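Some notes on the structure that comes next.
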Amino acid sequence: MSVDKSLRILIVEDEILIALELESLLQDMGHDVVGVAASSGEALDLGQDLKPDLAFVDIHLADGPTGVDVARHLASQLDVTVLFMTANAKRIPEDFAGARGVISKPYTERGVREALAYVLAEQGCDSERSRTMTFVPFGRASREDSSSAS
């Protein structure tokens, strides 16, 4: 996948091997990983200092299930696009805490690529939107889809 725009990305993940693997994947895709945080405090400090375009946020961090609070702060206070990465989507609140979607863990390269394509499309950088079982976007389109399926 060639990217027309390189995103500045913050990874909020307490499992170091997952964080390093994701960092490598994102860099291979042409994006700039500006930081990796394992706790909510680190994530909030890095978000404030580094002003990322996008943050991948795990819900359960080194200091507990604080990822939802991190997502809410990054999205509302710092205008960062947030994507959750979690094995337990049931912990995501109904308001999505400001996040734009979720990637199921264990994540796949395809799921990450599709999530990035979605974010870039929302920002007007790409004309194609993707939706799969590995990445589920939040927002108007997904709510309309679910209400019409009922």
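The values are calculated or read from the model by the stated rules, or taken from the named source; none is laboratory data. As the structure is a prediction and not an experimental result, all values here were calculated from the model. Every residue, glycine as well, gets a Cβ built from its backbone with ideal geometry; the counts of neighbours run over all protein chains shown.
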Number of the exception - Asp4 against (1) at pLDDT below 95; (2) of a type in the set (Asp, Glu); (3) in a helix (DSSP H, G or I): (3)
Within the stretch 65-81, the residues that are more than 15 Å from Glu42 (Cα to Cα) and in contact with an Asp or Glu (Cβ under 8 Å, 6 or more places away or on another chain) are Val80, Thr81
So the strands (runs of 3 or more DSSP E) completely within the stretch 45-107 holding 3 or more residues that are touching a residue at least 12 places away in the same chain (Cβ under 8 Å) and not small (Gly, Ala, Ser) are 54-58, 81-86
Just need a number here: residues in the stretch 34-44 that are of a type in the set (S, T, N, Q) and outside any helix (DSSP H, G or I). 1
Pick from Phe84, Phe135: which is buried (at least 22 other Cβ atoms within 10 Å of the Cβ), modelled with pLDDT under 90 and out of contact with any His (no Cβ under 7 Å at 6 or more places or on another chain)? Phe135
For the stretch 63-81, give me the residue count where each residue is surrounded by fewer than 20 Cβ atoms within 10 Å (Cβ to Cβ), at pLDDT 95 or above and more than 19 Å from Leu116 (Cβ to Cβ). 7
Selection count, the stretch 7-33, where residues are touching a helix residue (DSSP H, G or I) at 6+ places or on another chain (Cβ under 8 Å), under 18 Å from Thr86 (Cβ atoms) and outside any strand (DSSP E or B): 4
